[in-house]
Amino acid sequence: MTTERGVVRRPPGRKAQILVAASELFHRSGYHQVSMAEVAAGVGITAPALYRHFRNKPELLRQAVRAELAALRRAVDSGRAGPAELCAGLAAAAIDHRALGTLWQRDARLLPAAQRAGLRRELRSEVRRMAEVLGAARPELGQAETELLCWSLLSAYGGLSYHTFAPPRRQFERLLTGLGEALFDVPFGPPGPARASAGPAEQLVAGTRREELLAAAARLFHQRGFDNVSTDQLGAAVGIAGPSVYKHFDTKADLLAATLVRSRERLWHEISGALAGAVTPAAALDSGLRAYLDFARRHVDYLGVTVSETERLPEPDRKAAIDARRDFLRTWVDLLRQVRPDYDKAEARIRVHAMFSLVNDGVRNRPGCQRPDLTERLEAFSRAVLGVA
């Protein structure tokens, strides 16, 4: 827009429009797959015009994450009256801001450490504010317990980031609000005896150099992100020179693909065995949930790579990984609907996604993940969001 004096003014809200477009593109395709030109095209401007708002793509990503966190802050502000209001505000925000989950779990990891730390402080501040609301309603809980519940609620709602289906809006909000209220009502009794399988995460036993590389790749890709790990670092992790990695895998992408295949094989082997031994759908759901929790606690790195690095796979490896994930989720949706026939497919899928997101986040790099009773707590939380408590 040009004024009478010839001064060019930017349209009102243009920066906000850019952030919305960038969030959606990063969410849908992954940060590395999106160019600044694509973001500019999404709001009808040129790439040079985009650079007048954001000096580079990392800065655009940081601001996009901050914009999503601002939406979370507004939702917490709207829910200060009590847990039910908090769940309702967060449910509406989760529907309107599905990108936050993937931006936080997958893409924000690529930012410089200082910027990541700043974003974590912002998120932790909101969790503390949520915990104040919950703590006022449940004074029997300590701060660690209320914060664990609040982190778990954010994870459950973040499960929306990984699917696109949705019931009608009003029904959707009621479902998510009720799911959150059920989670916030989970009792915290004295911890029971720890199951032997629920101990600290274990490293996979590596019998060959190839297996050692798969285990090292899972750990490094999970901790640092695929693009931040070099072949020299991979080689050093198993005591070989970086170029020697190529004796076992043609490319680093092939190593990532093999790592994810190994994760799927191990997971399905353990879960299918648990499901096969059950005589009723309810028993199958119980044993399958416990098997998944056990796998998640022991194989944190493999699980983390699956969650955060699938988008970095080339086709057709990416398609194979997504198809396998859909098949796995479909098994759980069908099983849940046998236990709860009153659920339609959409509700069952939303609840299953919420459960897996809650568990996957709960065992990885988050306050509370070292609790000795974590497996017991995550099982109770999972049952609450599935509606089978």
Note, the range 122-127: 3J(HN,Hα) by Karplus (6.51, -1.76, 1.60, θ = phi - 60°), whole Hz, Gly/Pro = x, goes 4, 5, 5, 4, 5, 5
Rounded to a whole %, the carbon-and-sulfur portion of the accessible area of the range 125-186 at a 1.4 Å probe is 51
With Cα springs under 10 Å, the Gaussian network model of the chain assigns the largest mean-square fluctuation among GLY142, GLY368, GLY159 to GLY142
In a Gaussian network model of the chain with springs linking alpha carbons closer than 10 Å, the residue among ARG351, ARG128, ARG325 that fluctuates most is ARG325
Here the Kirkwood hydrodynamic radius of the range 28-184, Cα-based and in Å, equals 16.8
Between ARG224 and GLN171, the two model label points (7 Å from Cα along the beta-carbon direction) sit apart by a distance in nm of 4.8
GNM on the chain, Cα springs under 10 Å; top mean-square fluctuation among GLU59, GLU173, GLU132 goes to GLU59
Looking only at aspartates and glutamates whose Cα falls under 14 Å of LYS247's and that sit 8 or more positions away or on another chain, we get GLU211, GLU212, ASP232
Excluding residues fewer than 8 positions from LYS252 in its own chain, the lysines with Cα under 26 Å of it are LYS57, LYS319
Carbon and sulfur atoms account, in whole percent of the 1.4 Å probe accessible area of the range 51-98, for 46
Rounded to whole Å², per residue accessible area for the chain with a 1.4 Å probe reads 45
Taking alpha-carbon centroids only, the range 230-285 lies from the range 99-133 a number of Å equal to 28
Whole-percent carbon and sulfur contribution to the accessible surface of the range 268-319 (1.4 Å, no ligands, DNA or RNA) stands at 59
Any aspartates and glutamates whose Cα falls less than 17 Å from that of LYS345, other than same-chain ones fewer than 8 residues away, would be GLU173, ASP327, ASP334
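Which order do the peptides 61-67, 352-358, 98-104, 229-235 come out in when sorted by mean C-beta neighbours inside 10 angstrom, highest first?
On the way: 61-67: 21.1, 352-358: 25.1, 98-104: 23.4, 229-235: 16.9.
Ranking the peptides 61-67, 352-358, 98-104, 229-235 by packing returns 352-358, 98-104, 61-67, 229-235.
The values are calculated or read from the model by the stated rules, or taken from the named source; none is laboratory data. Keep in mind it's a predicted model, so treat the numbers as computed, not measured. Note that we place each Cβ from the backbone using ideal geometry, even for glycine, and neighbour counts take in every protein chain shown. The protein model used for the area step is the full one, side chains on, heavy atoms only, and it has no ligands, DNA or RNA in it. Shrake-Rupley method; radii C 1.70, N 1.55, O 1.52, S 1.80 Å.
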